[in-house]
Amino acid sequence: MTVLRDFYERRGQSPWIDNIRRDWLEDGTLARMVADGVRGVTSNPAIFAKAFASTSAYDNLVAKSAERDPERIFETLAVADVRDACDVLRAVYDEADAQRSAGRRRHGDGYVSLEVSPRLAHDTEGTVEAAIRLAREVDRPNVMIKIPATREGLPAVTQVLAHGINVNVTLIFSVPRYAEVLEAWIAGVRAAREAGHDIGRLASVASFFVSRVDSAIDPLLPEGDPRRGHAANAQVAAAYQCYLDFVQRQDVADTLDAGAQVQRPLWASTSVKNPDYSDLLYVDPLTAPETVNTMPDNTMAATLDHGGRTDSLIADAHVRARSMALLDELPESVNLAAVTEKLEVDGVAAFVASYDELLATVAAKLSSVS
């Protein structure tokens, strides 16, 4: 049994890969990852930008496209990638759905995420329209549409779920914002049920970003401070406790009893930015039931090589409480709310920049074949 399969079977966590590339779909790389235990795929503008710039796999597709608009070309190619990845993951989706239907788990698996344009991060109506359109174009039951957890994104999450569309809520950096995401999710599920959708097959995850928190807080702590490299995981512990408390709330429990899937917390940005830290700092310690960890290539490879050797910091209630306590020990000079708010602003801006870079790359490829 691989480490990834052990994480799922024994620790209750679904390992997903945070990357998608056309050549992986064509040469069987993604299928081999699934055989190793990968149970889902996430993507974002930065990932697509890297894939388009670093591989020639898309050159012929751009050349053959009848479209001349770079954004429409990108969407067409991204939809095709996600659709094909959904097909690769379909067996995982079906198997997980059978487990859920049998009452063995409260969630599905085998999903592939596609993000709406980051330019819509502060446009609720535009986000809803784009999400519905992209979901229809992919036309697979295991597609998830990514929507950022901005103020304007939260009502879009509710509305898109109400249409019976799976949602990955992304760019969550703080526990208070995560609590708002949970409320947006349950409102959407209830609205979907009222509209007649099968809420048993309506899936959602909440992508809580991890490593960037340490990258922002470490410089605010004195050199050699033992709290360096621990604030991010402490926040994850607090987020997981928030999740556990929320799903036990009576009104939420009633909705789950009616057949709804739980909205699992997903740990994102789990590659280590500081080379002095363990390369699995945000993997082994963050395993727990009903969670997801989406890992970039290098982190996934490291997990397969030497993962599973460290106990979780969040699965056990007493250990989780000790980890959460670190947040109360941060000095007054570290304003966690201000740090995480800036991370959200910077995260949206970074995705917009990646998206602009992506469209420029597509335009350049288009010009080269014209």
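Remarks
- Computed Kirkwood radius, in angstrom, where 1/r is averaged over Cα pairs of the range 213-271: 13.7 Å
- Cα centroid separation, the range 248-316 to the range 327-346: 22 Å.
- What the Kirkwood sum gives for the chain is a hydrodynamic radius of 20.8 Å, with every pair of different alpha carbons counted.
- Separation of the range 202-221 from the range 66-144 is 23 Å, based on Cα centroids.
- Sites listed here are GluC sites (Glu not before Pro) in the range 292-370 whose DSSP assignment is loop and whose Cβ has at most 10 other Cβ atoms within 10 Å: 332.
- Amide H to amide H, with H built 1.01 Å from N, residue 205 comes under 5 Å of 167, 168, 169, counting only residues 5 or more places away or on other chains.
- Rg/Rh ratio calculated on Cα atoms of the range 86-198 (Kirkwood radius): 0.97
- Think of a 1.4 Å ball rolled over the protein heavy atoms: the range 219-289 then has 38 Å² of accessible area per residue.
- Taking Cβ atoms as reference points and 11 Å as the exclusive limit, the residues near residue 154 contribute a net charge of -1, counting Lys and Arg as +1 and Asp and Glu as -1.
- In this label model, residue 305 and residue 364 are separated by 3.0 nm, measuring between points 7 Å along each Cα→Cβ vector.
- Computed Kirkwood radius, in angstrom, where 1/r is averaged over Cα pairs of the range 22-135: 15.7 Å
- Mean residue ellipticity (222 nm) of the chain, computed from DSSP H runs ≥ 4 via -39,500 (n - 2.57), nearest 500: -16500 deg cm²/dmol
- Equivalent-ellipsoid semi-axes of the range 18-84, from the Cα gyration tensor, Å, largest first: 23, 12, 10
- Among 151, 106, 39: highest mean-square fluctuation, GNM of the chain, C-alpha pairs under 10 Å: 151
- Top positive-direction residue, dipole computed over the chain with Cβ charges, set 318, 360, 222: 318
- The portion of the accessible surface of the range 296-358 made up by carbon and sulfur, rounded to a whole percent, is 52 (1.4 Å probe; DNA, RNA and ligands excluded).
- Each listed q (0.19, 0.20, 0.21 Å⁻¹) maps to a log10 I(q)/I(0) for the range 166-321, found by the Debye formula over equal Cα scatterers with no solvent: -1.16, -1.25, -1.33.
- When a 1.4 Å probe is rolled over the protein heavy atoms, the share of accessible surface on the range 25-122 that falls to carbon and sulfur comes to 50 percent.
The values are calculated or read from the model by the stated rules, or taken from the named source; none is laboratory data. Everything numeric in this text was worked out from a predicted model, so none of it was measured. Cβ atoms come from the backbone with ideal geometry, glycine included; neighbour counts cover every protein chain shown. Ligands, DNA and RNA are stripped out before the accessible areas are found, and what is left, the full protein with its side chains, is counted by its heavy atoms. Shrake-Rupley method; radii C 1.70, N 1.55, O 1.52, S 1.80 Å.
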